[in-house]
Structures are given as C-alpha cells and as structure tokens.
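Asker: Here it is: the structure, laid out below.
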Amino acid sequence: MKISKRLHILPFTVIGAMAAAPVMATPLLDADLASYAVLGASTVTNIPNSSVAGNVGVWSSGGANAITGFISSPGNSVFDPQVSGGTVQAGTTSGVSNTMQAQLQLTSAINNLSSLGIGTLEPADLGGLTLTPGVYTVPAGTTNLSSTLILDGQGNANATWVFELPSTLITSPFSSVQILNTGTHAGVFWNVGSSATIDNNTTFLGNILAHTSITLNTAATDVSGRLLASTGAVTLSQNILSQSNGGLSGGLNVSPLGSVSFLPFVPVTSVPELSTYLLLLLGAAVIWLKSGKPVKVSGDFAELCI
C-alpha cells in the first residue's frame, strides 16, 4: 500500500514576504542613530522635567559638546531620571552607542529620504487632511499643522509616510497627528530642510530629521518618534518623547548600493510566528506517526505529496 506523506510548509504569504525582502538591506535609521530619541549637533537644551525614551546625545566635530537640563559628563554615558531605556551622551564614542557615528548615519538617512523625490505636493497646512502611505512634499507656511492630520495605513502593517519639507516644519498649539490602521513596523519620517518648531501642547508623531535645529515648545509631545538635528541644536521644554508604535521607524530599507525601497504590503492581521508553525507541524507529525494517516493542518498552507 502506498502511503501518502504530506509535508506542510510555511504559508505562501510568509514566503512572499521573505522573498521580497532586500538582500542585506538595512533600515533607514541605522543602529546607532535609531538608539537616539534626541540627537543634536551643537547643543541639547532641556527645561526640566521632560520624559525621554531612548538615548540623548550631542556630537560636534568642530567645537564644544554641550548638554544642559540633563545630567551629563563630556565623553561619558550618564544616567538621568528623565531618560528611560538609554543614557545621556555628550560626545561619547564608546559604550552603548556612538554619537559621532549616529551623526554620520543621520546625514545618510537625510540623503536617502531626499532621494525618494517630491512625491505628491500638498498644501502648506496639513491640518484636516487624511493621508494614505506615500511620499509628500509640504511647502513652507505660517503653520504646517493647524489642527489634526490623520495618517491612515489602510491595513498595511508596513505603512510608511515620508514628508519632504524643503524649508521649515511649524505646528500650531494644540494641533496633532494621529495614525490608524497600521502596525508597529510602520514608518513616519519628516525630512526638514532647515528647522522644525513643534508648538505648545502639540501631539506629534514620527521621526523629525532636520538639517538644522529642532525646538519643542512647552508641553509638546512626540508620542512616537525621534528628534534628530544634523547641524544645529535640539531644545526641549517639559516634553514627552516615547517610543510607542515601535518608534515609527520601519517601512523603508536601504540596499548596499544606497537605493531606498518600501517594504511590501503586509496585512495588519497578525500571522502566527514561525515557532507557532513549527509546533503545529510537530504535533501533526506525532499524530501521523501514531495513526499512520495523513494529517491536515488548518490554515493557508502549501502542501507537498511525497
């Protein structure tokens, strides 16, 4: 009697996602850079008390390194009660991270975002809009956010928004950015040509990569993201910076040749982890060995008959 053996392998959806991943690609925010919630080039100034999740650092190759409002020591990593999941680093090149290397990675990240082009041209004021994932150019204005901007991921766990601002980023008091219908691998990036000012009580989202400086006015919050200044200062005033939603730094990969690509669409509905599939397969194998009969494992599986 011929025995039909069924070998259950990973779902086609998982195989497709694995095949689509760029070989040896790296995230847009490389490891050192991604460890920072706040990174300045000249100074980092804070009016206590702020709450920051991630490293706080400053690196200046041509002058003094300066951090005020946090406990700091030039050339060292120092713990501060306002900082969780990281340390305060004034010009350090050793320890848990590297401020100089992070600044080099920031320059690369800014250039990589710029390489995506202008995308869709939007009005200066994004307040009141609902935007799906993509690349958007936002011109300068008296405000770029007067009310609420909604980012709708349309069910894509890798949903990514890139905002190209050739000049400034300015928000109005009590404005906000909200995100929905996406997952923890989403990405929101604000590529600011000069400086960013997030006004009082603004609830902001995403990673601000500014060519010059970044200022958060009193009680402004960035509930998920980073403040990364390439040549100037970062200024805080009783702010909250968290890394919820995975820090919103996903969605983009950079190939070894420097090309930037968006990650493929992955439904927000979670797919069981590989370990879950292995346990299912092991259980099916045990039942098959005991019964001698093929076992069907439920789910969207590919099957091979031997």
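Asker: Can you give me the orientation-averaged projected area of the convex hull built on the Cα atoms of the range 169-230, in nm²?
Answerer: Its average projected convex-hull area is 3.9 nm².
Asker: Just the Cα atoms of the range 115-172: what Rg and Dmax do they give in Å?
Answerer: Expressed in Å, the Cα Rg and Dmax of the range 115-172 come to 11.4, 33.
Asker: Ok, one more. For the range 199-276, what is the percent of antiparallel DSSP beta bridges, rounded to the nearest 5?
Answerer: Values: 4 of 13 bridges.
Roughly 30 percent of the beta bridges in the range 199-276 run antiparallel, per DSSP.
Asker: At 0.36 nm per residue, minus the direct Cα-Cα distance, what do residue 269 and residue 147 gain on full extension? Give it in nm, one decimal, please. Write down the numbers at each step before the final one.
Answerer: Working: separation 122, 0.36 × 122 = 43.92 nm, distance 3.03 nm.
Difference between extended and current length: 40.9 nm.
Asker: Next question, about the same structure. Quick check: at a probe of 1.4 Å, how many percent of the accessible area of the range 99-146 sits on carbon and sulfur atoms?
Answerer: Carbon plus sulfur share of accessible area: 60 percent.
The values are calculated or read from the model by the stated rules, or taken from the named source; none is laboratory data. What you see is a predicted model, and the numbers here were worked out from it, not measured in a lab. These area figures cover heavy atoms from the full protein model, side chains too; ligands, DNA and RNA do not enter into them. Shrake-Rupley method; radii C 1.70, N 1.55, O 1.52, S 1.80 Å.
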